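A short write-up of the structure that comes next.
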Amino acid sequence: MLARLSRLSVCARWLVEGTFSGKHKSPHRGSSVEFAQYRKYVPGDDVKNVDWHVYAKSDRFYVKEFEADTNLRCYLVLDCSGSMGFAGAHGSKFDFARRLAATLAHLLIRQGDAVGLLCFGENVDADVPPRQNAKHLRHIFDVLGRARTGGRTNITRTLHDLAEKMRRRGLVIVFSDLFTELDPLLDCFQHLRFRKHDLAVFHLLDDQELDFAFRRPVRFMDMESALKIVAEPTTIRAEYLRSMRGYMAHLLRGCREFHVDYRRARTVQNYEDVLSEFLLERMKK
């Protein structure tokens, strides 16, 4: 699977700011084969960048500027709250998310980019700053292997804090079921985009959460609190599905408004297909 995906690249949709040269577009000017613009010569500029053909036509000095390419700094943000531990017939949302995060970390390190990992529930459980070497990748795998689900989610505070902490433009990839109040969540998305970060969200859901295909009385247990409810599914199914459709529509509108790369992933899907679609669409853009 890694061999097949290694032919693809993790690309940023917007300009990013790294530390070393790389394959991603930077907002700064530098040395590259791709021409960016002309600007007027000012004392101190290197004369080798003066375009003498333009000088011959206009009798004015202009300097050629080229795009600067840089490496990417990426944060993988993993929701470890109790609801991520929900497991249907095809495994838990949390294990699905860990596979996605581990594979993306491998691909990013392989192409020379820096990767960090943030695991959170009610508080931040692990914060691994972005680095770009093979030893660091092993550390990320170890943290993912030790991560466990439990407690409530505090995704809004986590994302606001991350937006303030990341000083340079980078890529933020969130893996969560997004079971929280939507308006505060969309405020977080807006905050990250305001800071000019490229934001991608993998919305992880189980088929039972989407279809509510229960046929007999069930005791529903809240995985983030002690709440338990016995209900007749056939009585509440229509209202549940109406609420779920409203929630999804609101979320999609917000993601489009703030230019978030939103990806809904069902645990029944092959996670290689989910990643291939994500990577291919980014390479085209």
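Computed values, structure above
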{"item": "Mean ellipticity per residue at 222 nm, deg cm²/dmol - from DSSP H runs of n ≥ 4 across the chain, formula -39500 (n - 2.57)", "result": "-12000 deg cm²/dmol"}
{"item": "Gaussian network model of the chain, springs between alpha carbon atoms under 10 Å - residue of Pro233, Pro43, Pro129 with greatest fluctuation", "result": "Pro43"}
{"item": "Share antiparallel - DSSP beta bridges, the chain, percent rounded to 5", "result": "45"}
{"item": "For the chain, built as a Gaussian network whose Cα springs stay under 10 Å, the top-fluctuating residue of Arg157, Arg110, Arg237", "result": "Arg237"}
{"item": "In order through region 109-114: 3J(HN,Hα) via Karplus (6.51 cos²θ - 1.76 cosθ + 1.60), integer Hz, x for Gly, Pro", "result": "4, 4, 8, x, 9, 9"}
{"item": "Gaussian network model of the chain, springs between alpha carbon atoms under 10 Å - residue of His136, His106, His250 with greatest fluctuation", "result": "His250"}
{"item": "Ranking of Leu252, Leu159, Leu186 by count of other Cβ atoms within 10 Å, fewest first", "result": "Leu252, Leu186, Leu159"}
{"item": "Peptides 160-168, 97-105 ordered by average Cβ neighbours within 10 Å, highest first", "result": "97-105, 160-168"}
{"item": "Relative intensity, log₁₀ I(q)/I(0), of the chain from a Debye sum that treats every alpha carbon as a point, q = 0.07 Å⁻¹", "result": "-0.33"}
{"item": "Potential extension, Glu239-Phe212 segment - 0.36 nm per residue separation minus Cα distance", "result": "8.6 nm"}
{"item": "Sequence ranges 171-183, 50-62, ranked by mean other-Cβ count within 10 angstrom, highest first", "result": "171-183, 50-62"}
{"item": "Packing-based exposure ordering (other Cβ within 10 Å, fewest first) of Asp46, Asp198", "result": "Asp46, Asp198"}
{"item": "Karplus-derived HN-Hα couplings along region 190-199 (A = 6.51, B = -1.76, C = 1.60, θ = phi - 60°), whole Hz, x at Gly and Pro", "result": "4, 4, 5, 6, 4, 7, 6, 8, 7, 10"}
{"item": "Surrounding net charge for Asn270, when Lys and Arg each add one and Asp and Glu each subtract one, Cβ distance under 11 Å", "result": "-1"}
{"item": "The chain, relative contact order [Cα under 8 Å, separation at least 6], %", "result": "20"}
{"item": "Cut-off under 5 Å, modelled amide H: who pairs with Ala126 long-range", "result": "Cys119"}
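Taken together, the values in this text are just the output of simple stated rules run on the coordinates, not laboratory data. Predicted model, so just to flag it, every value in this text is computed and none were measured. Because the Cβ atoms are built from the backbone with ideal geometry, glycine has one as well, and the counts that use them run over all protein chains shown.
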